[in-house]
Protein chains: 2
Amino acid sequence: MQEDHLKALLACHLFDGMQRREVENLFSVEQCHLFYYNHGALIAFRGDVYTNLWIIVEGSIAAEFQDFSGKVLKVETLKSSEPIASSILFAPENNLPVTLTAETDVAICSIPRPQVVRLLQQEEQFLINFLQDTGHRLSLLAEKLRLVQFSTITEKIASYILDQADKQGTDSPILPLTKEALAEVFGVTRPSLSRDFSQLCARGILSQAGRQIHILKRKELEAALEKG
Amino acid sequence: MQEDHLKALLACHLFDGMQRREVENLFSVEQCHLFYYNHGALIAFRGDVYTNLWIIVEGSIAAEFQDFSGKVLKVETLKSSEPIASSILFAPENNLPVTLTAETDVAICSIPRPQVVRLLQQEEQFLINFLQDTGHRLSLLAEKLRLVQFSTITEKIASYILDQADKQGTDSPILPLTKEALAEVFGVTRPSLSRDFSQLCARGILSQAGRQIHILKRKELEAALEKG
DNA sequence: ACAAGACTGTAACATATGTTACAATTAGGG
DNA sequence: CCCTAATTGTAACATATGTTACAGTCTTGT
């Protein structure tokens, strides 16, 4: 394995709080396999059997639901050093709940389950990290479900923009995604998203120039969180 | 603790494959607390901090999302002997993702987290069971999200009825829920559900008399799974 | 600097689902 | 067995979102 891939692997949060030597004592990198995918490649389908723990060591991966037609709901973007579907590794149904697509050129390290079991048993820190990761994913997924079910497009926009303004520390945030990608994250169509953006502008709450947003009436935007 | 509550506790799948004596050696029932709730009571809100592992020892609990208005999406029904929100116990955000409501009179056993940690470390079987439970919940939640996002009401009905027919081993299944409860499970309004049921009847695919369903054209019902 | 492709806004229209209200039926408790 | 409350079907209407199509603008690679 290349040194940068090994570094990415050891930077995985599952190994937080462990020394590199401890990790290397407990599992042999030789027994892991590396897989490479090109940008845009389909890595795995929803329903595929998942029996090894995959950790991304290069690039990033989209985890999403796909309709038989083209409809998409993006669940999350997984980046280098992140484990994939940790919860599923030990689920009674070992099937991936989402489809995985390479958003860039990607390299994945595949760790056999017995090695994971050994780490869980022999390293308390790894156990805690693993449980934290699975718990965190469940929280994310539950929140996603709540948003999909209970919020209108306008509410999603308001919540997203307020969040970005917060993160970027300004009332003039720049969208980190194209509107097209944002539509996938929200699980709505692009024209519908565009329409609602326009309405918020028409109401004088926002102004936009491409990805550059300006919050003009923050209070009304916050009010839109609860009323649409 | 009453003997029947203790029995329910030990019947929890987390203890599968362990002897009663092993369990009792590893954690002291004395350090657990019992909580009682009446039918209909609110047990906990979404967002509440969750730091002990709760196991139902009597009755059943609805885990659901609730709108600020009255809209409800039921995620699952948790029955006696089932653990609650096992994933969340170790999540970095220790907040319940759903609201818990008592569907009957309920008794809950609350196990302090340190005791759970000890069990996880010292009993491999418990660790496996715990990971299986969290994995299973994630699978369920992911599937729920997919259904909410990608299927029409008619598709949900078709899928549900075919599933029930399968479980009950007959093409004339009886709905185990009122239509009102079913609407909550689907996250739709009751009149909308009723309207789509009527349409399926009008198309000659089903007939219904209260909760008694008859599948008249199984092939068309199966086709409705993919096309609405 | 240019061309090709990606991204964006917009409009007219279609459709699924929600809202509200009311009457008919059923089921359970006293 | 009856009475009340829960459940159900239905209709007219409102609304949110999807669909399709097109034209304008921005990006990016060469």
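Numbers at a glance
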quantity	calculated
Estimated 222 nm signal from helices in chain A, with DSSP H stretches of n ≥ 4 weighted -39500 (n - 2.57), rounded to 500	-13500 deg cm²/dmol
Where only alpha carbons of the protein assembly as shown are counted, the Rg and the Dmax (Å)	23.9, 69
Calculated label separations, B:L225, copies of the chain, 7 Å along the beta-carbon direction, nm	4.2
Net +/- balance of residues flanking B:G47 in space, Cβ distance below 15 Å, scoring K and R +1, D and E -1	-3
For B:113-119, mean number of other protein chain Cβ atoms within 10 Å	1
Shortest-first nm distances, A:E76 label point to equivalent points in other copies (7 Å, Cα→Cβ)	1.8
Shielding by partners - mean other protein chain Cβ count within 10 Å, residues of A:88-101	4
For peptides A:141-148, B:19-26, sequence by mean Cβ density within 10 Å, most packed first	A:141-148, B:19-26
Peptide-level mean, for A:142-153, of C-beta atoms on other protein chains within 10 Å	6
Sequence-separation-based contact order of the range B:115-195, relative, with Cα cut under 8 Å and 6+ spacing, percent	18
Convex hull of Cα atoms in the range B:90-228, direction-averaged projection (nm²)	11.3
Farthest positive-ward along the range B:23-159 dipole, Cα basis, beta-carbon charges - from B:S81, B:S110, B:L147	B:L147
Helix A:190-202 vs. chain A, principal-axis angle (Cα, 0 to 90°, nearest 10)	50
Distances in nm from B:S159 to the matching label points in the other copies, shortest first (labels 7 Å along Cα to Cβ)	2.1
Rotationally averaged projected area of the range B:98-172 (alpha carbon convex hull; nm²)	8.3
Dipole moment magnitude, nearest 20 debye, the range B:16-81 about Cα centre, only Lys, Arg, Asp, Glu C-beta charged	160
Ratio of Rg to Rh over the range A:1-146 (Cα coordinates, Kirkwood Rh, two decimals)	0.96
Evaluated over the range B:154-228, the Cα radius of gyration and Dmax, each in Å	11.1, 29
For the range A:170-216 versus the range B:77-115, the gap between their alpha-carbon centres in whole angstrom	38
Extended-chain gain in nm, criterion 0.36 nm per residue less alpha-carbon gap, B:F68 and B:Q122	15.1 nm
Computed E for B:E180/A:T152 - FRET, C-beta separation, R0 22 angstrom, nearest 0.05	0.35
Extreme residue, positive dipole direction of chain B, given options B:L120, B:Q31, B:H136 (C-beta unit charges)	B:H136
Average Cα contact separation per residue, chain B, under 8 Å, 6 or more apart, as relative contact order %	21
Ranked B:C109, A:C32, criterion: other C-beta atoms within 10 Å, fewest first	A:C32, B:C109
Among the listed pairs A:K7/A:K74; A:K144/B:K179; A:K156/B:K71, those beyond 21 Å (Cα-Cα)	A:K7/A:K74; A:K144/B:K179
Which of B:T101, B:T178 has the fewest Cβ neighbours within 10 Å, and the rest in rising order	B:T178, B:T101
Virtual spin-label span in nm between B:L34 and A:D48, 7 Å along Cα→Cβ	5.0
Cut-off 12 Å between beta-carbons: net charge of the residues surrounding B:K144, Lys and Arg +1, Asp and Glu -1	+3
B:D16-B:T189 pseudo-label distance in nm [points 7 Å out on the Cα-to-Cβ vector]	4.2
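FYI, it's all coordinate maths here, none of it is from the lab. Everything numeric in this text was worked out from a predicted model, so none of it was measured. Note that we place each Cβ from the backbone using ideal geometry, even for glycine, and neighbour counts take in every protein chain shown.
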